[in-house]
1. Kindly evaluate S147 against the criterion of being in contact with a Ser or Thr (Cβ under 6 Å, 6 or more places away or on another chain), assigned to a loop (DSSP other than H, G, I, E, B) and either at pLDDT below 95 or more than 14 Å from the ligand (Cβ to nearest atom) (or both).
2. Considering only residues of segment 194-224 that are among the hydroxyl-bearing types (S, T, Y) and in a helix (DSSP H, G or I), which is surrounded by the fewest Cβ atoms within 10 Å (Cβ to Cβ)?
3. What are the residues in segment 24-57 that are of a type in the set (A, V, I, L, M, F, W, C) and part of a strand (DSSP E or B), if any?
4. Considering each of G259, G245, G233, G265 in turn, give the residue that is small (G, A, S) and away from the ligand (no atom under 11 Å from the Cβ).
5. Counting only residues that are out of contact with any Lys or Arg (no Cβ under 6 Å at 6 or more places or on another chain) and part of a loop (DSSP other than H, G, I, E, B), how many does segment 152-175 have?
6. Among the residues in segment 303-316, are any more than 16 Å from the ligand (Cβ to nearest atom), part of a helix (DSSP H, G or I) and touching a Ser or Thr at 6+ places or on another chain (Cβ under 9 Å)?
7. Being buried (at least 16 other Cβ atoms within 10 Å of the Cβ), closer than 23 Å to W33 by Cβ and more than 16 Å from the ligand (Cβ to nearest atom) narrows it down to one of V71, V103, so name that one.
Amino acid sequence: KNRGIPLKANLSSCHPSYPSGDQIGSCCPTPAWSELEIIDFQFPDPSSPIRIRRAAHLVDEEYKAKYEKAVAIMKELPLDHPHNFWRQADLHCIYCTSAFDQVNSTAPFKTHHSWLFFPWHRALLYFHERILGKLIGDDNFALTFWSWDHPDGMHFPTMFTEGALNNTERDAIRLPTVVDFNYNEDRGLTDGELVLDNLALMYHHMVSGAKKAELFMGCKLRSGVDGDCDGGGTIEESPHNPVHGWVGDRNNPVKEDMGAFHSAGRDPVLYAHHSNIDRMWATWQKMRNNELEFDDDEWLNSEFTFFDENLQFVRIRVRDVLNMSKLRIDYQDIGLPWLDTRP
Ligand code: C2O
């Protein structure tokens with residue numbers, strides 16, 4: 001079915017743009033992406049090993065040391081290197097603050113509050129993970145997920161408080177407590193109350209309130225100024241948004257780093273948070289037998305650009321990221337306790 005043209009960024013339109021109250025700044029790439037040669041994404045070799053992302057509270061010391069080393073190397077790369085940690089952080093800034101317009105339009109190209117949310121962030125993780133692996137010479141390197149949906153993982157993952165994985169711009173008061181999926185301001189609940197509240201929300205946002213693709217994935221953002229939609233799916237609205245605000249430093253103007261689109265990528269925990277967001281998408285896909293989310297060509301052919309681990313500048317489409325096994329990624333099975341917490 002084709003109802004419109006696929007969403008695509010106009011790569012020569014980069015400008016500072018922070019539509020959700022973020023501070024003005026610029027994360028436009030140099031050299032401009034419009035000057036680079038773009039190649040089409042190729043799937044990894046189907047016989048290559050599957051990278052299994054494991055829960056952050058269950059990984060061993062060896063893994064932590066490996067991840068920390070990879071991020072440390074990333075932070076030491078020349079500042080203008082596309083694999084440099086801060087340039088990787090800019091990817092989130094570029095796409096999530098609408099630094100680009102759409103092609104042939106003045107409408108913003110954005111990857112939040114719509115059906116682009118899960119696919120774009122899955123692609124971000126895919127490339128970031130392969131780059132980290134490349135930097136330490138490990139083709140099996142996999143990210144880790146912050147399993148905030150499981151009672152054992154509802155605290156901030158301590159591995160992200162060490163070495164290169166640490167970040168100073170976090171809320172020191174909240175960090176030792178259980179995360180709050182309804183976080184807006186502190187609610188004065190006990191850890192036990194928060195766990196129950198969170199599990200009930202998970203059930204609602206994964207099952208009872210997510211029966212249709214549009215409810216789970218977000219609204220159908222169409223190309224052009226008339227095509228605007230601004231509504232994230234259940235999981236994007238929560239836990240995704242509150243967890244960002246919960247981690248970010250309350251003393252900063254817009255709860256940087258995690259609390260704002262332009263700065264979230266500066267905190268290494270972004271990738272663990274989003275690995276769990278992505279794991280929820282994979283879980284939801286499995287629960288509906290991998291039925292295609294939307295049979296709309298304009299969604300399936302919407303495209304994003306990223307640097308891959310070989311420094312090639314790659315065009316990847318939504319249709320390329322729908323199948324995890326084609327990307328050679330999977331998640332450790334730690335159970336889904338919220339499935340039994342039907343209210
Ligand atoms: Cu692009 Cu969690 O945000």
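1. Working: in contact with a Ser or Thr (Cβ under 6 Å, 6 or more places away or on another chain): no; assigned to a loop (DSSP other than H, G, I, E, B): yes; either at pLDDT below 95 or more than 14 Å from the ligand (Cβ to nearest atom) (or both): yes.
No; evaluated as a whole, the condition is false for this residue.
2. Per the stated criteria, the residue is S208.
3. Of everything in segment 24-57, those that are of a type in the set (A, V, I, L, M, F, W, C) and part of a strand (DSSP E or B) turn out to be I39, I52, A55.
4. Exactly one residue qualifies, and that residue is G233.
5. Qualifying residue count for the region: 12.
6. no
7. When all the criteria are applied, what remains is V103.
Table: residues versus (1) away from the ligand (no atom under 13 Å from the Cβ); (2) modelled with pLDDT under 90; (3) among the acidic types (D, E).
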| site | (1), (2), (3) |
| --- | --- |
| D171 | yes, no, yes |
| E185 | yes, yes, yes |
| D191 | yes, no, yes |
| N241 | no, no, no |
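The values are calculated or read from the model by the stated rules, or taken from the named source; none is laboratory data. Everything numeric in this text was worked out from a predicted model, so none of it was measured. Because the Cβ atoms are built from the backbone with ideal geometry, glycine has one as well, and the counts that use them run over all protein chains shown.
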